[in-house]
1. Between residues in the range A:332-351 that are under 30 Å from residue B:89 (Cβ atoms) and residues that are at pLDDT below 95 and of a type in the set (Val, Ile, Thr), which pairs lie under 8 Å by C-beta distance while being six or more apart or on different chains?
2. Which is more than 14 Å from chain A (Cβ to nearest Cβ), among the small types (Gly, Ala, Ser) and crowded, with 18+ Cβ neighbours inside 10 Å, of B:90, B:83, B:55?
3. Filter the range A:337-351 down to the residues that are in a strand (DSSP E or B) and of a type in the set (D, E, K, R), then identify the one that is surrounded by the most Cβ atoms within 10 Å (Cβ to Cβ).
4. Kindly list, by first and then second residue, each pair from a residue in the range A:398-420 that is without any contact (Cβ under 8 Å) to a residue 24 or more places away in the chain to a residue that is open to solvent by 50 Å² or more (accessible area, probe 1.4 Å) and of a type in the set (D, E, K, R), limited to pairs with Cβ atoms under 7 Å and residues at least 6 apart or on different chains.
5. From the residues in the range A:148-180 that are among the basic types (Lys, Arg) and crowded, with 21+ Cβ neighbours inside 10 Å, which one is farthest from residue B:358 (Cα to Cα)?
6. Scan the range A:223-234 for residues that are open to solvent by 70 Å² or more (accessible area, probe 1.4 Å) and either in contact with a Phe, Trp or Tyr (Cβ under 8 Å, 6 or more places away or on another chain) or assigned to a loop (DSSP other than H, G, I, E, B) (or both) and jot them down.
7. Given the criteria free of Cβ contacts under 8 Å to residues at least 60 places away in the same chain and either β-branched (Val, Ile, Thr) or not in a helix (DSSP H, G or I) (or both), does residue A:144 qualify?
8. For the range A:62-99, what are the residues that are within 14 Å of the chain's Cα centre (by Cα), farther than 18 Å from residue A:287 by Cα and β-branched (Val, Ile, Thr)?
Number of protein chains: 2
Amino acid sequence: MFLFIIMHDFKYKDNQLYCEGIKIQDLVNRFGSPLYVYSYNTLIDHFLKLKIAFGEIEPLICYSVKANSNLAILKAVVDKGAGLDIVSGGELFYALKANCPPDRIVYASVGKTEKEIEEAIKRKILFFNVESLPELQSIQRIAKKLKKIVNIAIRINPDIEPMTHKYITTGKLTNKFGIDFDTASKIFLQRSKFPNLNICGIHIHIGSQIIDSRPFVCALKKISNYIEFLKKNNIRIEYLNIGGGLGIIYNKEKPQTAKSFALSILPLLKNFDGKLILEPGRFIVGNAGILVTKILYIKTTPLKKFIIVDAGMNDLIRPALYGAYHQISPLNKKNKKGPLQKVDVVGPICESADFFAKDRLLPQLEEGEYLAIFGAGAYGFSMSSNYNGRLKPPEVLVKGKVAKLIRRRQNYFDLIREQI
Amino acid sequence: MFLFIIMHDFKYKDNQLYCEGIKIQDLVNRFGSPLYVYSYNTLIDHFLKLKIAFGEIEPLICYSVKANSNLAILKAVVDKGAGLDIVSGGELFYALKANCPPDRIVYASVGKTEKEIEEAIKRKILFFNVESLPELQSIQRIAKKLKKIVNIAIRINPDIEPMTHKYITTGKLTNKFGIDFDTASKIFLQRSKFPNLNICGIHIHIGSQIIDSRPFVCALKKISNYIEFLKKNNIRIEYLNIGGGLGIIYNKEKPQTAKSFALSILPLLKNFDGKLILEPGRFIVGNAGILVTKILYIKTTPLKKFIIVDAGMNDLIRPALYGAYHQISPLNKKNKKGPLQKVDVVGPICESADFFAKDRLLPQLEEGEYLAIFGAGAYGFSMSSNYNGRLKPPEVLVKGKVAKLIRRRQNYFDLIREQI
């Protein structure tokens, strides 16, 4: 009836959903609903899978902070040797709070402000992924002012179709990201114009939730040829940052494993003598988290059956924003023996965008029971808001039989803290 | 070159954009960028337009808090006699903080929790808009426990196509909202089953940003007939709540004015002897606010020109979520004499969803100058998040020549306040 082929530590024992060694119903009783629950073991397991798969070349794996920026999550991966991929001054703050060594921090974004650049230079991050010529000029100007030499990776837009949602496609020339090959060449060949920059890296990131290795291979072939071209011009690339974008299983996807991904990628790097950087986010944390929610009302209308839950699109916006699919299942599967029923799972927010599943086959459900929304570890809490005056939920990290509250639930006063 | 037929107090004087009596560039110099700026006069003007248009029947106009829940905005409309339309315990908290008399508060949502219902009953709000039979039973149970008699309006789903975005369509039977006529009749005819409820109102709300009066008229005709049917069964409706959903001008829409809306609606109410409730949100605050943003970089690629600004989809998600159009114009139009150029206006966030305009014709722009994104008063700040580690912007309310900071900019410590 329920088929989970996803590798994670959310499993049923005696028809009760557990996260590692803890029954999730016990967490709900303790911390309330809605509630984000993360598995430490799943998180670290995915990080290590990538680390091992690429082991022979010892890459720096920079976890993508934007996927889930809870400090406990960041600390967990940093403690295992991860670096961090940041995209703002706020994320630099997170990274430093999580005690990430600055020489393991890389910084991407098409819109870095002067203040953010200055802060990152002063903190001595490993390098900036630079997305445009004006940005490069801006970093040069600030580095000069600060009398620093700053490492730069040029983010190249390889013009690749990654076959994913249009909102998370980032490596086509119609996207705002990266620099085309011609402009990149001008920069590399005239790099003496940027005396305070050590332009020594190449960055690509073609999109997110990509389940097939072919777009990666295609992009990397272009980049390998390009690195050869640069070598002929006596330009050595010290850092090759191949970004993130590894897809995970939300529904019935069959994404490449870390191992198969490495097997497709590594042969293309055999002539590369620099450091490889990876920037996985969703791959590491996506299936390490669930959102637990209570069924408030079951509403039968002439055309539909609605399961109305106490979580909303403010807690998890992926279905509304990307039409994303998330597996949903009751915490307690005891006595779920009747036929499946077709339902919409919806939140309390006053717009039709507020749904978690449409026309989904689920077992008979009752008001007051709880559902787990799977695959909510990445781009769940990090995109949450207070829309409809709703309080952000707490987050709990489970490690074996120990559950730790890593973010408390908001209260009403949190909603007006910045108002004078 | 720029044509503004929208009625609001954001106007150019000597090629500089003003909000009422204040040059917006001065506000940016003082409060930084990005920045939300609201016009008090525009806000109140729109409220009064509705109040006057419906003046002969003295409706209770309940401003929809979810559109913009800043306490200063709420206080401004409440001081002019508005009630408030709330959708959660958080919004009840806002309403009470804004000193709204509880007998001017109405509460809608498909997912009211027990705690929220109890709080609202204790505070003696005017009535609940009830969206399902199980919710009605829940309110009866709680009212009985509290030994109270509670006013109820049944939200009827009139099965009307409002011709708006699918995410803000709410009055079709495939939507999660409201109760069909048959079920409503069972409730009204068997209302003695709910001894602690005074089921005395009808609520409809068919969607949002509806620019034509026809769907409203169509829905109201159905409801008028239904009220007649109830009258024949000796059931008197004391409150008729016709919801909100009045469209505004974002681009070239020609929505009905408050006056023409009233002229279409009032004839249908001539036999109704109860109180009319309106729930406008966007209509009142939508064009009373702009989002000001700085141009960080102008990036020319082989296929496109990108204007990269310092505001992102975390500040204003309407373009990403609804494909919404917002007028955009520089604060300073001096020396903007050259030909228009086609550009994408995009934010710094690392996904392609992060845009404010695509293939938009704008005048020649320069890095460092500022843009106004119009029509950002409703569903702007209220949907904002900290995605990508970004700080929420401040809000400023302008009244004549006085600007008041009504929400300070977040700082990095605000981002981790709930983390332990």
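1. A:350/B:170; A:351/B:168; A:351/B:170
2. On the way: B:90 fails: more than 14 Å from chain A (Cβ to nearest Cβ); B:55 fails: crowded, with 18+ Cβ neighbours inside 10 Å.
Every option except B:83 fails the conditions.
3. As a first pass, look at the range A:337-351 and keep what is in a strand (DSSP E or B): A:341-346.
Narrowing further to those that are of a type in the set (D, E, K, R): A:342, A:344.
Numbers: A:342: 11, A:344: 20.
It comes out as A:344.
4. A:416/B:97; A:418/B:408; A:420/B:408
5. If we filter the range A:148-180 for residues that are among the basic types (Lys, Arg), which is where we start, we get A:148, A:155, A:166, A:172, A:176.
Those still in the list that are crowded, with 21+ Cβ neighbours inside 10 Å too: A:155, A:176.
On the way: A:155: 22, A:176: 11 Å.
By that ranking, first place goes to A:155.
6. A:234
7. Numbers: free of Cβ contacts under 8 Å to residues at least 60 places away in the same chain: yes; either β-branched (Val, Ile, Thr) or not in a helix (DSSP H, G or I) (or both): no.
Taking the combined requirement at face value, the residue does not satisfy it.
8. Scanning the range A:62-99 gives A:86, A:87.
The values are calculated or read from the model by the stated rules, or taken from the named source; none is laboratory data. This is a predicted model, so every value here is computed, not measured. Note: ideal-geometry Cβ built from the backbone for every residue, glycine included; neighbour counts use all protein chains shown. Ligands, DNA and RNA are stripped out before the accessible areas are found, and what is left, the full protein with its side chains, is counted by its heavy atoms. Shrake-Rupley method; radii C 1.70, N 1.55, O 1.52, S 1.80 Å.
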